[in-house]
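Q: Have a look at this one before I ask anything.
The values are calculated or read from the model by the stated rules, or taken from the named source; none is laboratory data. Model, not experiment: these values are computed from the prediction. Don't worry about glycine lacking a Cβ; one is built from the backbone with ideal geometry, like all the others, and counts go over all protein chains shown. Surface areas here come from the heavy atoms of the whole protein model, side chains and all, with no ligands, DNA or RNA. Shrake-Rupley method; radii C 1.70, N 1.55, O 1.52, S 1.80 Å.
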Amino acid sequence: MSAKPLIIGCGSYLPDKIVTNYDLAERIDTSHEWIVERTGIHKRHIADDGENTSDLALAAAQKAIAHAEIDVDDIDLVIVATTTPDQTFPSTATRVQAMLGMSNGAAFDIQAVCSGFIYGISIAEAFIRSAQAKTVLLIGAETFTRILDWEDRATCVLFGDGAGAVVVQASTNGLDDDEPAGSGHNQERGILSTHLHSDGKLNDLLYVDGGPSSTKTVGHVRMLGRELFRHAVVNLAAVVDEALEANGLERDDISWVVPHQANKRILDSTARKLKLPAERVVTTVDRHANTSAASIPLALDEAVRDGRIKRGDLLLLEAMGGGLTWGSCLVRW
Ligand code: UT7
């Protein structure tokens with residue numbers, strides 16, 4: 001029987017510096033009212049000049065490792081989902097591996113923009129199910145504000161910096177040790193499924209106008225916001241149904257939706273489609289803005305630590321981002 005991937009710990013980190021909508025309105029032609037009405041965002045955290053994606057990633061990883069009560073040497077794979085790596089190469093994951101003092105295992109970055117954490121969890125799941133790894137440290141980390149065009153009010157108000165991490169470990173049966181299988185008090189825990197999608201024909205809806213091969217510059221974020229919004233609402237509803245159907249579950253079975261945090265209006269519309277009260281959607285976009293690959297693990301960590309998410313809860317994680325890429329993950333916590 002293949003090993004079951006269990007999430008055994010989580011952690012997150014936000015830079016100290018907070019920038020409010022009012023601060024932005026002093027620099028660009030925008031207002032607190034416009035940003036709140038169109039996005040639900042009130043403020044965002046921004047990394048200091050000397051603070052790199054790997055620093056944010058390390059801080060989140062250390063908290064996840066402590067929460068999981070494992071030793072760094074237990075980790076045999078480090079994955080960093082990021083669109084804003086420290087350098088074009090080597091990967092930010094290898095930098096984090098070194099910062100953690102690890103000298104074994106493997107490390108690599110993955111790039112799926114705002115869907116990066118979902119893509120990462122799918123890779124962690126596959127490595128564990130195929131017995132290629134036993135303990136995976138998966139981090140979503142971004143200094144996304146570094147690639148913003150601060151003259152473009154349609155994008156620069158939307159994003160923030162941060163990092164979140166989980167430890168995913170192989171379990172033989174996905175069950176609590178102290179609860180015998182079939183006791184009626186227990187259900188299989190862990191990552192139940194992941195579903196990934198992309199459609200590269202839609203590159204132009206959200207992209208960066210630079211890169212080492214095409215322009216030799218880093219570039220800035222460009223977005224066709226309104227069109228992207230329409231795709232987000234349709235694609236996210238579809239992946240939710242896809243995930244439930246694959247597991248023989250109903251919408252009512254979902255305890256918490258832990259979505260990518262792009263826009264409060266997208267979260268509300270997903271909740272309406274699922275007929276779930278908005279309180280069942282873990283929401284951080286008001287305080288974090290859109291932190292790309294970091295947003296799901298940041299939201300997850302918050303809801304685990306404040307006690308909303310409890311053992312046995314069914315979590316639906318979903319995201320859509322540049323590519324376009326989108327996907328979902330169902331987890332029994
Ligand atoms: O994380 C990846 C996935 N990302 C998404 O899914 C993002 C999806 N898109 C969105 O969240 C929304 O489309 C935005 C928040 C980006 C924009 O909201 P919108 O309601 O679609 O606004 P809009 O782009 O259609 O712009 C409406 C108006 C325009 O003015 P006119 O042409 O109507 O006169 C914009 O120039 O709002 C203006 N505007 C602003 N006004 C004040 C755009 N940005 C701002 C701003 N402050 N920051």
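Q: Can you report the number of residues in the stretch 126-163 which are closer than 18 Å to ALA61 by Cα and either aromatic (Phe, Trp, Tyr) or open to solvent by less than 20 Å² (accessible area, probe 1.4 Å) (or both)?
A: Of the residues in the stretch 126-163, 13 are closer than 18 Å to ALA61 by Cα and either aromatic (Phe, Trp, Tyr) or open to solvent by less than 20 Å² (accessible area, probe 1.4 Å) (or both).
Q: Continuing with this model, one more query. Yes or no: the stretch 164-187 includes at least one residue that is at pLDDT 95 or above, surrounded by fewer than 24 Cβ atoms within 10 Å (Cβ to Cβ) and part of a helix (DSSP H, G or I).
A: no
Q: Still on this structure, please answer the following. For the stretch 146-162, give me each residue that is part of a helix (DSSP H, G or I) and either within 14 Å of the ligand (Cβ to nearest atom) or within 13 Å of SER295 (Cβ to Cβ) (or both).
A: Of everything in the stretch 146-162, those that are part of a helix (DSSP H, G or I) and either within 14 Å of the ligand (Cβ to nearest atom) or within 13 Å of SER295 (Cβ to Cβ) (or both) turn out to be ILE147, ARG153, ALA154, THR155, CYS156.
Q: Which of the residues that make up the stretch 216-233 are crowded, with 17+ Cβ neighbours inside 10 Å and among the hydroxyl-bearing types (Ser, Thr, Tyr)?
A: none
Q: Let me ask something else about it. Can you pull out the helices (runs of 4 or more DSSP H) entirely within the stretch 234-333 that have at least 2 residues that are open to solvent by 10 Å² or more (accessible area, probe 1.4 Å) and at pLDDT below 95?
A: Because the criterion is at least 2 residues that are open to solvent by 10 Å² or more (accessible area, probe 1.4 Å) and at pLDDT below 95, the helices (runs of 4 or more DSSP H) in the stretch 234-333 that meet it are 264-274.
Q: Looking only at the stretch 1-33, how many residues end up being of a type in the set (Ser, Thr, Tyr) and within 19 Å of LYS310 (Cα to Cα)?
A: Going through the stretch 1-33 one residue at a time, the tally reaches 1.
Q: Which members of the stretch 113-143 meet the condition of being of a type in the set (S, T, N, Q), within 22 Å of ASP86 (Cβ to Cβ) and part of a helix (DSSP H, G or I)?
A: Listed by number, the list holds a single entry, SER115.
Q: So is ASP209 away from the ligand (no atom under 15 Å from the Cβ), closer than 21 Å to THR143 by Cβ and either of a type in the set (D, E, K, R) or modelled with pLDDT of 95 or more (or both) or not?
A: Here the answer is yes, as ASP209 does meet what is asked.
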